[in-house]
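The values are calculated or read from the model by the stated rules, or taken from the named source; none is laboratory data. Everything quoted here is computed from the prediction, not taken from an experiment. Here the Cβ is made from the backbone with ideal geometry for all residues, glycine too, and neighbour counts use every protein chain on show. Each accessible area value is taken on the protein alone, full model and side chains, heavy atoms only, with ligands, DNA and RNA left out. Shrake-Rupley method; radii C 1.70, N 1.55, O 1.52, S 1.80 Å.
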Amino acid sequence: MQPPIRVLVAKPGLDGHDRGAKVVAAALRDAGMEVVYGGLHATPEAIVEMALQEDVEVVGLSILSGAHMTLFPKVRRLLDEAGADDVLLTGGGIIPKADMDALARSGVGRLFGPGASLDELATYIRGEVERRRSAARSA
Amino acid sequence: MSVTVEEEMLVDRVRSGDARAAARLMTWAERADARFAEAHAGFAAGLGHARRLGITGPPGAGKSTLVEALCKHWRTSDARTLGVLAVDPSSPFSGGALLGDRVRMSALSLDPGVFVRSMATRGAFGGLARATDDLADVLDLLGRHTILVETVGVGQSEVDVVRSTDLTVLVLHPGAGDTIQAMKAGLMEAADLYVVNKSDLPDAERLVHEIADALDLRRGDRERPPVVTVSAVTGAGLPQLAQTLDRLLDVRTADGRLARRRTENLASRVRRLVDAELRREAWERAGLEGELVRRMAGPGTLSVYALAAGLLAAFRARAAERGDA
């Protein structure tokens, strides 16, 4: 049997709207994942420290503050510097399509905007983790 | 079992204080990866330095908040290194889990002296996960001075934490008087120290008396464990609680009770491992599951006792055939 996928869901930045993060956390739990909820106002440094201690395979960030072009690349860079370059970084929020494309080019995974399907998110995460796990097995 | 280079390297990194290596070794343990058992054989002899404290109590008693407050206290009072294992339940339906204890420990997230790991129960029912003891071993190997093991919110019978720790703290809160009534038989007998949390609320004093009454009824001539009031939020009573915990452990180290408890705990872990292996041996490898389905579908007895006896006879016969009975 496949071990459960461990995901860290956190909400960096200053805005306090954590409903989206909570809905996503509950949906991923219902999809059979173990979701570590990192809470509000986490700094990129704290998020990466949590991800390392929890040894998650996925970090999902909810960003509604408009700071996505700073926060996603910063978390990605800190993860890579810590040797966690195999961790999938994904997330969502109010993010223009052009920004999503730019972030995807900088090593951030797929991002999900308002109205995105939760099933689609779970399927995406499962697919990415499966791909990484089999790559690690054959390495 | 032989220890491979990969395992040896990871273990050495953990021993030298590498938190990321510890996190990876924990994942091996949680996944029951054979590499963990092999690695464990290599480092088991060096374990036993860390103090293991169990923090248990009903949902809403303030366990996570108390864990955070204790960590902050010890980090500032004597800078000891800490490890926290926070267990939350897995859903029996989806297998998923929402591990939310970190939200109440956010003040610790940037202190490298505190390693926090969230665990899901993954089908275990005793208040902890199957691998909680293994993860505590990894924190011990990482050199942590004190390990706090926080159980799921418990009812009456989830007392596994007692067999996993040096000392068990039961956290209760005012308004939980009925809880005490319900707990008299299980947890109330098991704890080494009782904490009345939320002492800033009314009725805290009354709860202290109710606990004392319940303990007097139960304990007979045994020494009555301390009851301490704290407010994890305001910090009132925390230094006293931390001191009491250290003092209890010092006393038990000196009089030999700690060593006896650790021996019992290890024996109980071995029994659990053997139990799990015997179950797999019987139901999966010896095919009892299929046998059960066949016998229930066929004609004959529907007495559960007769069916069980028949299955056990079949199991013994198969073991004898293989020559290992």
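Structure notes:
- Of all residues in the stretch B:108-139, exactly one satisfies the criterion of being among the aliphatic types (A, V, I, L, M), surrounded by fewer than 21 Cβ atoms within 10 Å (Cβ to Cβ) and at the interface with another protein chain (Cβ under 10 Å from one of its Cβ atoms), namely B:L110.
- Of all the listed residues (B:T234, B:T253), the sole one being more than 23 Å from B:R316 (Cα to Cα) and in contact with a helix residue (DSSP H, G or I) (Cβ under 9 Å, 6 or more places away or on another chain) is B:T253.
- Only one of the numbered conditions (1) open to solvent by 10 Å² or more (accessible area, probe 1.4 Å); (2) at the interface with chain A (Cβ under 9 Å from one of its Cβ atoms); (3) touching a residue at least 12 places away in the same chain (Cβ under 8 Å) is violated by B:L99, and that is (1).
- The number of residues in the stretch B:83-96 being in contact (Cβ under 8 Å) with a residue 60 or more places away in the chain and open to solvent by less than 10 Å² (accessible area, probe 1.4 Å) comes to 5.
- When the stretch B:141-167 is filtered for residues that are closer than 21 Å to B:R15 by Cβ and open to solvent by 10 Å² or more (accessible area, probe 1.4 Å), the ones remaining, listed by number, are B:L141, B:L142, B:G143, B:R144, B:H145.
- Odd one out for A:L103 among (1) over 24 Å from B:P89 (Cα atoms); (2) touching an Asp or Glu at 6+ places or on another chain (Cβ under 7 Å): (2)
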